[in-house]
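To start, the structure under review is shown below, and the notes come after it.
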Amino acid sequence: MAGSSLYTTLGPFEIGLALSTLLLGIETLQTFYYYRRYKRDSAQMKIFVGFVWICGLLQSIFAWNAMFTMTITFFGNPEHVAEPPVSMLYNIIDSTALTLFVQAFFCLRIYRLSHSKPLAIFCFALILIPTGLYFWLFSMYYTRGGFARSLGSAQGHKVMIAAAALTPVSACAVAGTLCWCLWRMKDPDQFRRTRSVVDRIMLWTVETTLVTSLASVLELIMIVAQPHNMLWLIFFFLHGKLLTNTLVASPSI
């Protein structure tokens with residue numbers, strides 16, 4: 001395979017994998033701190049945080065397995081770079097499911113703040129749309145046999161664009177609704193410290209959503225502008241890890 005091809009296939013894969021592994025280390029420290037700092041949290045909350053960390057660990061394991069397979073096991077066989085192993089697909093599915101779990105957690109927070117089931121269900125439905133598109137790609141992989149015939153096909157490319165475009169839209173909708181619920185909680189008669197805490201949570205929600213949405217938008221740009229390479233993987237890896245880091249560091253926990 002030509003060197004230029006490696007720059008746009010294995011290169012982005014390695015960069016995204018290295019950055020996501022770094023974020024996994026940060027998430028591990030955040031998780032450790034959470035268990036030490038919030039000992040009075042409910043057992044369900046502690047189990048969920050641990051579950052999110054395990055899913056993030058599996059995501060990295062799948063990605064490193066795919067990298068090892070392409071660069072070591074099948075060294076010198078460029079066709080395996082164009083057709084990544086199935087562990088790469090498992091990484092994508094794990095990241096998609098993890099995004100669903102984390103966003104569902106914030107939808108639960110919306111329900112507890114607003115006491116409105118329709119509002120929480122609407123936000124959750126927005127999240128299900130891009131999730132369903134990614135799982136559609138998963139089914140295409142098995143029915144059509146491989147990446148080239150699924151993600152690399154014209155239909156698969158359109159599905160990827162739709163999923164990447166709807167991901168930041170749903171995230172911004174959830175964050176905006178959460179901020180609206182927090183804003184409604186503000187009361188002029190509250191103590192200044194209480195109002196300050198609510199303001200900080202709202203600001204934190206906006207900032208973290210901007211970071212994760214920026215990763216999704218850059219992923220979308222790479223999919224549209226560079227459809228025949230893996231540049232989008234850099235931001236796909238980052239988005240999943242940034243989202244889990246957001247949850248573990250969340251003041252709403």
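Every condition in (1) modelled with pLDDT under 80; (2) of a type outside the set (Val, Ile, Thr); (3) within 20 Å of the chain's Cα centre (by Cα) holds for residue 231 except the one numbered (1). Only one entry in 242, 137, 214 is at pLDDT below 85 and under 20 Å from the mean Cα position of the chain (by Cα), namely 137. Taken together, 75, 124 contain a single residue that is over 22 Å from residue 26 (Cβ atoms) and modelled with pLDDT of 90 or more, which is 124.
A quick yes/no check of all residues on (1) of a type in the set (Ser, Thr, Tyr); (2) closer than 30 Å to residue 173 by Cα; (3) out of contact with any Gly (no Cβ under 7 Å at 6 or more places or on another chain); (4) not in a loop (DSSP other than H, G, I, E, B):
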residue	(1), (2), (3), (4)
64	no, no, yes, yes
70	no, no, yes, yes
84	no, no, yes, no
106	no, yes, yes, yes
122	no, yes, yes, yes
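Checked against (1) surrounded by 16 or more Cβ atoms within 10 Å (Cβ to Cβ); (2) at pLDDT below 80; (3) farther than 19 Å from residue 139 by Cβ; (4) of a type outside the set (Asp, Glu), residue 70 passes all but condition (2).
Checked across the range 200-209, the condition of being over 22 Å from residue 108 (Cβ atoms) and modelled with pLDDT under 85 holds for no residue.
Under the condition of being in contact with a Lys or Arg (Cβ under 9 Å, 6 or more places away or on another chain), under 11 Å from residue 60 (Cβ atoms) and hydroxyl-bearing (Ser, Thr, Tyr), the residues counted in the range 21-46 number 1.
Would you check if there is a residue in the range 92-100 being among the small types (Gly, Ala, Ser), within 30 Å of residue 178 (Cα to Cα), in contact (Cβ under 8 Å) with a residue 60 or more places away in the chain and assigned to a helix (DSSP H, G or I)? There is at least one residue in the range 92-100 that is among the small types (Gly, Ala, Ser), within 30 Å of residue 178 (Cα to Cα), in contact (Cβ under 8 Å) with a residue 60 or more places away in the chain and assigned to a helix (DSSP H, G or I).
Somewhere in the range 34-51, is a residue hydrophobic (A, V, I, L, M, F, W, C) and either crowded, with 17+ Cβ neighbours inside 10 Å or in contact with a helix residue (DSSP H, G or I) (Cβ under 6 Å, 6 or more places away or on another chain) (or both)? Yes.
The values are calculated or read from the model by the stated rules, or taken from the named source; none is laboratory data. All figures in this text were calculated on a predicted structure; none of them were measured in a lab. Cβ atoms come from the backbone with ideal geometry, glycine included; neighbour counts cover every protein chain shown.
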